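These notes concern the structure reproduced below.
The values are calculated or read from the model by the stated rules, or taken from the named source; none is laboratory data. Note that this is a predicted model, so its numbers are computed, not measured. So basically every Cβ, Gly included, is an ideal-geometry build from the backbone, and we count neighbours across all protein chains shown. When the accessible area is computed, the model is the full protein with side chains, heavy atoms only, and any ligands, DNA or RNA have been set aside. Shrake-Rupley method; radii C 1.70, N 1.55, O 1.52, S 1.80 Å.
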Amino acid sequence: MSVPLLKIGVVLSTMAMITNWMSQTLPSLVGLNTTKLSAASGGTLDRSTGVLPTNPEESWQVYSSAQDSEGRCICTVVAPQQTMCSRDARTKQLRQLLEKVQNMSQSIEVLDRRTQRDLQYVEKMESQMKGLESKFRQVEESHRQHLARQFKAIKAKMDELRPLIPVLEEYKADAKLVLQFKEEVQNLTAVLNELQEEIGAYDYDELQSRVSNLEERLRACMQKLACGKLTGISDPVTVKTSGSRFGSWMTDPLAPEGDNRVWYMDGYHNNRFVREYKSMLDFMTTDNFTSHRLPHPWSGTGQVVYNGSIYFNKFQSHIIIRFDLKTETILKTRSLDYAGYNNMYHYAWGGHSDIDLMVDESGLWAVYATNQNAGNIVISRLDPVSLQALQTWNTSYPKRSAGEAFIICGTLYVTNGYSGGTKVHYAYQTNASAYEYIDIPFQNKYSHISMLDYNPKDRALYAWNNGHQVLYNVTLFHVIRSDEL
């Protein structure tokens, strides 16, 4: 029992003892012992009744009766109140004591009621305090677990950011290099301005050499800037709404200057016709196009146009075909060894997407899966002329679990789905034969991605999203090394 309950019990016990003592002691203090009467003359009185009158103020009352030694009757009576001697000190004391006892009894009753009420309140508060104590223990334990989770997340983030510190240091050096380029350009501009004023006062051969050297360095710098690690994907830009739920569209990353043709292929099987639009503007605003008929229907949506030829997977086979769009002839066919086909190892959305052809800054790629690699993704870099696999990497990522995939600067990026909420969450670096899990948001605006390819010329992702042709800009993290320039 708690301390407050013990204190209340002690108070109640003490009050009960006081009441019992007063009820037993007060009559003897004032000489009102009603059980015995003594004879004045030494004779013995017989014991008789000793009942106090119910109301002494009303009439005469016989208190007791007895006989003495001579046989005379002796009676003790109580006279009415008005006949009593008001100066009797013991009577006054008795009256005062009785009044005090009555007052004390009333006070004790009030105190008892209050004590009982307070006892109930204390018991209720004790129960509530125990409940609060239990809740505080739960909150404390939950707080510790939450702090542990936060600490773990922060530590993981720090481990992820720590490798970027030396990269940032290199970035500072790269910024200085760009400033040097800027100063050299300003110097050359100043020299050219002086030459406009004074013809023949400067060595043209030396000037041409400086300009050529600077141009080569700038071109090398821009080439370095073209590659990097994917860090972000922009919101989608809807170019056009046309076709079925599945399909592919693209431009040629190696097309010469001024060649802005767009290629359009609706569906993922049982189709041979490729549309050619003269420009992106024509594709967006008109239905004027030239149609090319392929010698075989294609399979899936993993076709690419590269250097004037279209590369596609022949329907229900693991054969890759290179078809020249200008002469409309087959230039090369080759089987992709051990590659699954005919919906054996497709992307999560299906659609005969077993073999996906891709292009990046370094050339032509094929992404597929084999039995030998347990249905996990296989990456092969292909010779664009002979279609021979130059190098192959086996990953541990199941192809059927991938929503879509694309390659940037030799790194394969895989989305975690094709419908609803989507993100890029897996990357395999072929230059290091290593992978990592990442978290790059990807807005799936129309809820069904059936084609996603990177164009290194535009530095953009081309997507077919539920009958909408969509573009995404990408953000790459670059590192320029001055010793390579």
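Obtain the nm distance between the two label points defined at N187 and I108 by a simple spin-label model: each point lies 7 Å from its Cα along the Cα-to-C-beta direction.
Between N187 and I108, the simple spin-label model gives 11.4 nm.
In debye to the nearest 20, how big a dipole does the range 310-421 give about its Cα centre with +1 on each Lys and Arg Cβ and -1 on each Asp and Glu Cβ?
180 debye
Keeping all protein chains in position, work out how much accessible area T115 exposes to a 1.4 Å probe, and write it in Å² to the nearest 10.
The accessible area of T115 comes to roughly 20 Å².
Convert 20 °C to kelvin, take the viscosity as 1.002 mPa s, use the Kirkwood radius over C-alpha pairs of the range 228-477 as Rh, and evaluate the Stokes-Einstein diffusion coefficient in µm²/s, rounded to a whole number.
121 µm²/s
P(r) tail for the range 328-431, what percent of Cα pairs lie past 20 Å?
36 percent
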